[in-house]
Every structure is written in C-alpha cells, then in structure tokens.
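The values are calculated or read from the model by the stated rules, or taken from the named source; none is laboratory data. For clarity, every value in this text was computed on a predicted model and none was experimentally measured. Neighbour counts are summed over all protein chains in view; Cβ atoms, including those assigned to glycine, are modelled from backbone coordinates with ideal geometry. When the accessible area is computed, the model is the full protein with side chains, heavy atoms only, and any ligands, DNA or RNA have been set aside. Shrake-Rupley method; radii C 1.70, N 1.55, O 1.52, S 1.80 Å.
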Number of protein chains: 2
Amino acid sequence: MNRPPTKSVKAYPLPLKGNPGRTREEHSQETALDYAELIAELISTTGAARVTELARRLGVTHVTVNRTIQRLQRGGLVRTRPYHSILLTGAGWKLSEESRRRHEIVVGFLKSIGIPDAVARSDAEGMEHHVSKKTLAAFVKHLKRRGLHKPSR
Amino acid sequence: MNRPPTKSVKAYPLPLKGNPGRTREEHSQETALDYAELIAELISTTGAARVTELARRLGVTHVTVNRTIQRLQRGGLVRTRPYHSILLTGAGWKLSEESRRRHEIVVGFLKSIGIPDAVARSDAEGMEHHVSKKTLAAFVKHLKRRGLHKPSR
DNA sequence: CCCAAATTGTAGCGTAGGCTACAATTTGGC
DNA sequence: GCCAAATTGTAGCCTACGCTACAATTTGGG
C-alpha cells in the first residue's frame, strides 16, 4: 500500500560520503595520535608520562588509559615497564610530532579568525583528526598570508 | 635507579583538555546526527530512506546500519517497519535540521577559504561534530563579512 | 623502617560499531 | 504466477573504549 518508491530510487548516482565511514583502523589511529601527542607533551614538560596523569588529562579512568597503552605497545608506538613512566618509541615520537604540528596549525588557524585561545584549543582537539591534507594546507596558506606562521604558543 | 621524577610532578597545575574525553553519550550522539541528517536527505531527494542505501552512503554494511537504526528507534528518533523505509520522528527531524545547518555552515566556511567543494564536504563530515557554538558563530560571522551567507549548495 | 596513601595493574561487565554468514521478505522479469 | 535477485533482518563474533571493584606495587611521612 504505502510502499516507498523503491523502483525509482534504484539507479541513483548519489555521491558516497567523501569519508567512506571511518574504518576500524582509522578511528583507532586517532586515539593513537592523541595519546602519542599527550605522552610527548608530558615527557617534555614534566619529564615523565604517567598513567594517572594521562587519565586526568584525557578525562577517563586510569584503567582505560592502561588498556589503550597496552594496545599502543602492541602497535610499537610506546614501551612500558610496570609502575614506570611510559616511553615513546621512534615511531611514537614521529607520530607525536606529526600530531603536534597538525594540532598547532588548527589552533593557530582558529585563533586567526578570532576564536579565543581556550575555545580554539578545545575545538582543535576533536577537529584535527578530520582535517585533510588539502585543508591543512589551506590553513597554512591562510596563516602565512596573515604573517601568523608559526602560530602563537 | 632510572626512576622518573615522580615527586616533582606531583602538584602540576596542567590544564585538563577542554574536551574532557568524549563520554559515551557524546560519541553516540554524533552517530545519531549523521544518521538523522542522511535519512532526511534521502527522504527529501529520493522519497525514502532505505537500509541498503544508507549503508552504501555511510560505507558500512547493512547490518551495521540496521543495528544503529534500532538504537535510534529506542531513542525515539526514527520509526521503522520491517522491509519498509525508515521514517524520522519529530525529534528526528529536528535533529536532522540542526545537523544540516551546522554541516552547511562548516562546508560553506571551508569553501570560503578556498577549499574545493568535494574536499570541503568530506572534511566537514568529520569536523562538524567538534565545532563548538562559539566557533560556529565565528564561521557564520566570517561568511557574513564576505557576503557568502547562506553558503553555496 | 614501616605502614598508609598513591599509583599502577588486572578482572570482569556494558555499549557502540565494525564484520561474515545465513534466513526471511519483497520485487520484478519472464 | 513463479522464481531468482535484491533487500532487509538476525545470529554471532571481534575490537575499542567507557566503567567499578579489587589486587599489587611504589612512595613518602612519621
């Protein structure tokens, strides 16, 4: 009776999402980047990356951090010893630097269009993983045009 | 021996992430928005929102779509009948419109800084859920200043 | 030096969201 | 009107990532 117009929809050439659904790996990689960046920051600023501090900064319990760190270790990004600071491997450092660069560009860009520092940092946190290379390049270009490269900090 | 400087780190007043870790709910809500927006679009353009088409557009299998739709139904956003088109409830429509508005602002903004349409749409897909009200407002302001409000489409 | 507090680790549970394999239903061509 | 193909639904498995509760280890104050 009130059957939807199935037939007429059949051959629609509607575009697929540019982002074909974050596959498992992609999403997992976002977490890895966040952790790597934060671990690097903690080591730089405090000399150690500790589970409790990571948990506090990420807003999760230490249990979640612990399990994630184990996964990162399986992936070769960090090394750990029980009850000691988390250490980044070469690959981990590389990743953290890529992430940091990207993060700073996004923050700098948001601030350049008048967004307050705190908001810019907060928003960038989630946005940065969804900014393509082309868009990142556009951000950089925008910053350069305004003589704001490198950002603030 | 090589114990990290635990003591000295104790009282660091390092800032928490502005985003205190996407709680379960937040993340779940992102999915709901994506689905609601896409369902609305499909209904508008083709007259029906069908599981297979959603799956194709989202880049996942129909099984994943089906389970998610069941969750949305539990949440009162959609109504379904077996083997029929998915329908949006009032709440679902409202959500889809909020999502659509936000999406268009982000896309419009990205395009306004020189990013190609396809890239802008793709990036906006992921970014839109991480743009705060303040940043969204800044985007709108930026667009208005350039007389580009409403965006393209 | 010892013992309480802090930190870290582990066990086990729940949901979200991917998947394959297979069953049920609908659609459409013949 | 039938039967194959397409669509939709269901069962069951996996990982990610939240959590609480509890165990193990380290740290530091007395």
Examine the stretch B:20-35 for a residue that is in a helix (DSSP H, G or I) and farther than 28 Å from A:Asp34 by Cα, and state whether such a residue exists. no
If you take the residues of the stretch A:127-139 that are open to solvent by less than 30 Å² (accessible area, probe 1.4 Å) and touching a Gly at 6+ places or on another chain (Cβ under 9 Å), which of them is nearest to the other protein chains (Cβ to nearest Cβ)? A:His130
Can you pull out the residues in the stretch A:98-126 that are in a helix (DSSP H, G or I), among the hydrophobic types (A, V, I, L, M, F, W, C) and either more than 8 Å from chain B (Cβ to nearest Cβ) or open to solvent by less than 20 Å² (accessible area, probe 1.4 Å) (or both)? A:Ile105, A:Val106, A:Val107, A:Phe109, A:Leu110, A:Ala120, A:Ala124
Across the stretch A:57-85, which residue is farthest from DNA strand D (Cβ to nearest atom) among those that are of a type in the set (Gly, Ala, Ser) and more than 11 Å from every other protein chain (Cβ to nearest Cβ)? A:Gly76
Residues that are open to solvent by 40 Å² or more (accessible area, probe 1.4 Å) and outside any helix (DSSP H, G or I), drawn from the stretch B:48-90: B:Arg50, B:Gly59, B:Val60, B:Thr61, B:Gly75, B:Arg79, B:Thr80, B:Arg81, B:Pro82, B:Tyr83, B:His84, B:Leu87
